[in-house]
Amino acid sequence: MGDKKTKVLLIENNESLASMVGNVLDKAPGKDYSMDVSEELIQGLKRLDEHSYDVLLLGVSQDKNGMDAVEEVRKKSAIPIVVLGGKNGDAVHAEAVKCGAQDYLDKDKIDSSLLMQSLKYAIEIKRTEDALHEASTKLNLASTKLTNLLHTDPLTECLNVGGLELALQTEFERARRGGWTLGAVLVDLDDFNRINAQLGHGVGDVVLKEVTKRLTEKIRPTDHIARIGSDEFLIILPDTRYAESMLVAEKMRLSVAESPLRLASETIRITASLGVLTLPYEFCSIEEILSLGRLAVRESKTMGKNRVSSGEKHKPEADLDALEELTQKLRKGDCFRAVSMPILQLADEKVVGYEILSRGPKGAFEMPDDLFRVSVEYNLLTIVDLRCLKTCLNATMEERYDQTLRFHVNLFPSTIIDTPIDRLMTLFPENTSKTQYCVEISEQQFIGDPTYLRDHIAELKKHGVLVAIDDVGFGRSSLESLIILEPNIVKIDRKYVSGIAQEPNKERLLRRLVKVVNALGSELIAEGIECREELDLLIDMGVVYGQGWYWGKPA
């Protein structure tokens, strides 16, 4: 303790007890204690206001109401408290600690050793509590700062893509519960690359900060603004109708272009092209919103920049080439249809489920391979995949299907990664059991180590949806995928089934694969069955379920 004495305040009206405590403190080694005495609680509280003490000895009556004094002190000060009470100490001790005291001593059993030990204990406990509180406060601040860093764009201090994804998920759920619409405005700065090229990225950063400030001034505290790309901003407007979103967008456009930005040696005129859209409840990813928003922004750019557009005033179709027309159809999402193939129990050829498959607009890109190839080329894979999923899920409710059977639908791994699972689940028909549905993920579309899919698949399973790994073949990667992802169902790729009746080597390999899948405990479905001989061989191998053109083409 050094030269600094520990200051003790005693609140006690028993003079002999006060004298005894004083003697103990006077005889303490090194005389490191000083004590003031107050006979009444009111007087003691006044002393606590006027002076600084290290510890309080508080005399109370035997009954439980004596704890009122502890509570009175605790309202005034965080000083460590040692309560001095009477008999029946266990109950009062517990009550004293509950009220905020650090320790309790029986007045009739106090001796010098016990008193000194209790004082030191109370002071040390208080110091430890303060240190823990300080550490906890620092940890919470650090956690908050880290969360902000994860969800905030460091340059503009608005949300980044991750932060907007969380905000969008919250607003999406609120909109569904409240029955209101979400508006969205995509802002793309005009000729921003020229600013970076001619004046440097430092000037570009200044421009972005100023634009963020101007945009923020025109939106409500409940709205969400995020920097999506180098010079793109996406604003989500909760509970906002389309006409209101157009007005907000116009205000933002005028604010951005209102006055040039004057730098030391340059005056920069900033303008922006804006796209406005209303988000229906089934939107499930930022990529989908951006795809539609960019269509509207493109219209603004085409019409001369520095404008607000809804993306509805497209060029005449005669001026569009075939692929441009196709991509616009894919963005709109009204060109898809669903077909199905039955899944059968091979032993008795009883239908046990259906795989619902998507088809694109009639023409060159109707079949899935061609449809998804052009979707990748034009950066539309996620939006097209989700549109196809919606189409297939809606088709499962048609009267031609037995609603007691299982429905299989397909998703790309990238779509599962890009789309929050909770919001993906909102696409499934209401009032149906999620165990009635199986999401098929093609192993051929995995990129490297499939571990990145494990948490997403576990989340799907948690919601009750079955998961199948499709197009499974031979090789080390297939076995790793099955072990890591633990699918409910494994579907053998058709190329390993077709021709097994004529190729003994293929039959032997397939028998080994069947044993591996059975050992993993997954349900097995063989695809691509085209003749009776293949069906008989699969039954002999112990394959329970299958599908293929032997029972007809998708319809």
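Worth pointing out:
- Residue 481 being farther than 25 Å from residue 341 by Cα, in the same structural domain as residue 351 (by TED's automatic domain parsing), surrounded by 16 or more Cβ atoms within 10 Å (Cβ to Cβ) and modelled with pLDDT under 85: yes
Results for (1) at pLDDT below 90; (2) more than 23 Å from residue 411 (Cβ to Cβ), shown as yes or no for each residue.
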{"site": "449", "(1), (2)": "yes, no"}
{"site": "466", "(1), (2)": "no, no"}
{"site": "473", "(1), (2)": "yes, no"}
{"site": "476", "(1), (2)": "yes, yes"}
{"site": "516", "(1), (2)": "yes, yes"}
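One line per residue, one yes/no per condition, for (1) at pLDDT below 90; (2) surrounded by 13 or more Cβ atoms within 10 Å (Cβ to Cβ); (3) part of a loop (DSSP other than H, G, I, E, B); (4) aliphatic (A, V, I, L, M):
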site: 347; (1), (2), (3), (4): no, no, yes, yes
site: 354; (1), (2), (3), (4): no, yes, no, no
site: 363; (1), (2), (3), (4): yes, no, yes, no
site: 366; (1), (2), (3), (4): yes, yes, yes, no
site: 369; (1), (2), (3), (4): yes, no, no, no
site: 375; (1), (2), (3), (4): yes, yes, no, no
site: 383; (1), (2), (3), (4): yes, yes, no, yes
site: 390; (1), (2), (3), (4): no, yes, no, no
site: 397; (1), (2), (3), (4): no, no, yes, yes
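- Residues of the range 141-168 satisfying the condition of being modelled with pLDDT under 85 and of a type in the set (S, T, N, Q): 143, 144, 147, 148
- All positions within the range 479-497 that are polar (S, T, N, Q) and touching a residue at least 40 places away in the same chain (Cβ under 8 Å): 488
- Filter result for residue 244 (under 18 Å from residue 308 (Cα atoms), in the same structural domain as residue 272 (by TED's automatic domain parsing), surrounded by fewer than 18 Cβ atoms within 10 Å (Cβ to Cβ) and not aromatic (Phe, Trp, Tyr)): yes
- Within the range 251-288, considering residues that are in a helix (DSSP H, G or I) and modelled with pLDDT of 85 or more, the one nearest to the chain's Cα centre (by Cα): 252
- Only residues that are among the aliphatic types (A, V, I, L, M) and more than 30 Å from residue 210 (Cα to Cα) were counted in the range 128-186, giving 5.
- The set of residues in the range 15-30 that are loosely packed, with under 15 Cβ neighbours inside 10 Å and assigned to a helix (DSSP H, G or I) comprises 15, 16, 19, 23, 26, 29, 30.
- Where strands (runs of 3 or more DSSP E) fall entirely within the range 445-538, those with at least 3 residues that are more than 25 Å from residue 373 (Cβ to Cβ) are at 523-526.
- Looking across 82, 92, one residue alone is of a type in the set (Val, Ile, Thr), within 22 Å of residue 39 (Cβ to Cβ) and modelled with pLDDT under 85. It is 92.
- Test: residue in the range 84-106 that is of a type outside the set (A, V, I, L, M) and in contact (Cβ under 8 Å) with a residue 40 or more places away in the chain: no
- Criterion violated by residue 415 - all others in (1) under 29 Å from residue 541 (Cα atoms); (2) not in a strand (DSSP E or B) satisfied: (1)
- Hits in the range 424-444 - residues which are surrounded by fewer than 19 Cβ atoms within 10 Å (Cβ to Cβ) and either in a helix (DSSP H, G or I) or among the aliphatic types (A, V, I, L, M) (or both): 425, 427, 434, 435, 436, 444
- Any chance residue 122 is modelled with pLDDT under 80 and either assigned by TED's automatic domain parsing to the domain that holds residue 23 or within 27 Å of residue 5 (Cβ to Cβ) (or both): no
The values are calculated or read from the model by the stated rules, or taken from the named source; none is laboratory data. Given the structure is predicted, the values throughout are model-derived calculations rather than measurements. Don't worry about glycine lacking a Cβ; one is built from the backbone with ideal geometry, like all the others, and counts go over all protein chains shown.
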